[in-house]
Every structure is written in C-alpha cells, then in structure tokens.
Amino acid sequence: MVRIATIDVELCKPKKCNLECIRFCPINRTGTKAIEIREGSKKPIIYEEICIGCGICVKKCPFKAITIVNLPEELETDLVHRYGINAFKLYRLPIPKEGMITGIIGKNATGKTTALKILSGKLKPNLGCIEKPPEWDEIIRAFKGTELQRYFKKLVDGRIQAILKIQYVDVVPKYLKGEVGKLLTRVDERNIVQDLKIELGLEKIWSRELKALSGGELQKFLIAATLSKDVDVYMFDEPCSYLDVYERMRIAKIIRRYAVQKGKTAIVVEHDIAVLDYLSDLVHVIYGVPGAYTLPRKTSNYRLASRA
C-alpha cells in the first residue's frame, strides 16, 4: 500500500490555527513524528512512510488543506511526476496517436494541464524523484516498450515538435503586446493566417491591440497563433472556454481541419463533452482525487457516433 499525503499550500495557514494536524496525530502522541513543522519551514510536512492514514488530521484541519489517499503499491512503477513533498502525483500519461486527435477529460486539479506540459516538452518529468531529478536518458528508459518511449525519444532528439495553447488566455496581454494582425502574421509558418482570419471571424479585431480583446477574442487569437505554427503535434488546453455553443463547434471544426486533416497530430483537453465527442478519435478519462493524484485511462476503440 502506498500512502499519498498532500497539503494545499494555499489553504494551509499555520499562523491562523492551533496546529490541530500535529496535536491530534496519534503517531505524534506516541512520541514519533508523522507530521511536523521542520526548522526553517513555514508549513507542516507529513512523512508518508510513517503516516498510518487514519485521517484524523484531515478532519481536524480547519482549512481543509490536507488530503490522505491510499493506493496500490504497484502504481508507483507508473509514477511520472510529483511537484514536491506532500504535493500532487501524476501517474501515467495520455498517449498521442499520430494523425489523430486524442481527447482528455476530467475534473479540475487532476493533472490534465501537467500532462500537456510534459508531452509538449515544457515540463521535464521527474518520475517522483524530487531531490535528484532524472536526466532524459533515464526518463526515456522508464517508458521502455511503450509508445511514449518512442514519442519522447523523437521529442528530445528534435525529430518532432509540439506546441501548447495555454489554458488561461487572460494572462496573454501581460506578456505579449501588439496588434492582432501583425502578431499573427509574424508567427505564421504555414501560410494559413489569412484563411484563419476569415474562418475564425477575426476581421473585426485584426487591427486591435491584444489588451483590448475580450476573453473569447483572446481565445480565438491563441488558437489561430497555435495552428499557424508548423509543428507535428498541436495541444489545446480548454480551447472552448469563453466561447458560446456556436463558436465552440466552429473552433472544433477548424482544429480538425488544420490539424488532423493536414496530417498532423492533436491533443485536446476540454470539459465540453459535445465538443470533445466531435473532435476526438480516442479519449483518455482522467480520474483520481483533485490535488492529490491522477490516473488517465484510455477508452479503447473510441469512435464518434457523429462521424460514424
């Protein structure tokens, strides 16, 4: 049995409580430390190998900052990434399928964005080794015999390139300045920006500054910028947020047209089941405990009724 003990650092407020997690822990009361605030640390640390998983600290915490989960030990061989001590664990990864669209669906805070960052090469998986993260050679060996081994080998060697459309579109104007048309023309590597301008309905905002755009307009700008790059794998993190039903279906058709129908590969994280159903050739359902761990499961031979 493997015990996952996570502490939400944003919810945990030791200075505003009576440290109930430490005081009521039955292991601590015997003289052994299962949870403590170490010298130089501002937050409690739970020692998972000592914790018995009684759940008393979970119930006693006034800020609901602690989660304790018990999992089969066999799962540890599938551990891909952990953010730190008492932090979120990601087991397994969705598998990109060449020339297809892979859909990902699941609750918030279950690692969907983390999976995309790893698959796009923006985040190097540590296989759970926090203090001494592995190098890429070791990471690739960890996926030996799987499709992900070949995928990561190509990604690291530069034989394939991936691009990720971020989830939080509202942060874009903080880091990027300029007019919509000029910015999109600058990144256009496929000579499709004029087509996307019409298909995405960007004519009205073509001369506007990014800071003047609404959430939906920023979303369409990012989708156009992503599709304009000449890469092998396109990744979209919630491409339909801020958009109405009509716009969502239009976006879905455009992603399929300029990705898969052009011989590319795509991965889409989406909460709108109708859009995901239209887009996806196969789906990975993410299940687990938000903020604690996640485990993708593929739906085999998923084919859409709408395209059957």
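The values are calculated or read from the model by the stated rules, or taken from the named source; none is laboratory data. Keep in mind the model is a prediction, meaning the values are calculated, not measured. With ideal geometry, Cβ positions are generated from the backbone for all residues, glycine too; neighbour counts draw on all protein chains shown.
Of all residues in the stretch 273-292, exactly one satisfies the criterion of being under 17 Å from residue 261 (Cβ atoms) and either outside the structural domain of residue 109 (by TED's automatic domain parsing) or small (Gly, Ala, Ser) (or both), namely 280.
Residue-by-condition table, conditions (1) surrounded by 15 or more Cβ atoms within 10 Å (Cβ to Cβ); (2) within 19 Å of residue 89 (Cβ to Cβ); (3) in contact with a Phe, Trp or Tyr (Cβ under 8 Å, 6 or more places away or on another chain):
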{"residue": "120", "(1), (2), (3)": "yes, no, no"}
{"residue": "126", "(1), (2), (3)": "yes, yes, no"}
{"residue": "135", "(1), (2), (3)": "no, no, no"}
{"residue": "148", "(1), (2), (3)": "yes, yes, no"}
{"residue": "156", "(1), (2), (3)": "yes, no, yes"}
{"residue": "163", "(1), (2), (3)": "yes, no, yes"}
{"residue": "172", "(1), (2), (3)": "yes, no, yes"}
{"residue": "176", "(1), (2), (3)": "no, no, no"}
{"residue": "181", "(1), (2), (3)": "yes, no, yes"}
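Of the residues in the stretch 166-177, at least one is assigned by TED's automatic domain parsing to the domain that holds residue 264, in a loop (DSSP other than H, G, I, E, B), touching a residue at least 40 places away in the same chain (Cβ under 8 Å) and within 20 Å of the chain's Cα centre (by Cα).
For every residue, the table says whether it meets (1) of a type outside the set (Asp, Glu); (2) assigned by TED's automatic domain parsing to the domain that holds residue 165; (3) closer than 22 Å to residue 100 by Cβ.
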| position | (1), (2), (3) |
| --- | --- |
| 238 | no, yes, yes |
| 245 | yes, yes, no |
| 256 | yes, yes, yes |
| 263 | yes, yes, yes |
| 270 | no, yes, yes |
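Among residues of the stretch 273-293 that are assigned to a helix (DSSP H, G or I), those with a beta-carbon under 7 Å from a residue that is of a type outside the set (A, V, I, L, M, F, W, C) at least six positions away or on a different chain give the pairs 275/248; 276/103; 276/270; 277/306; 278/306; 279/103; 279/256. Picking from residues in the stretch 37-81 that are among the polar types (S, T, N, Q) and closer than 20 Å to residue 109 by Cα, the one that is surrounded by the fewest Cβ atoms within 10 Å (Cβ to Cβ) is 70. Considering the stretch 22-37, the residues that are farther than 18 Å from residue 84 by Cβ and not in a loop (DSSP other than H, G, I, E, B) include one that is nearest to the chain's Cα centre (by Cα), namely 22.
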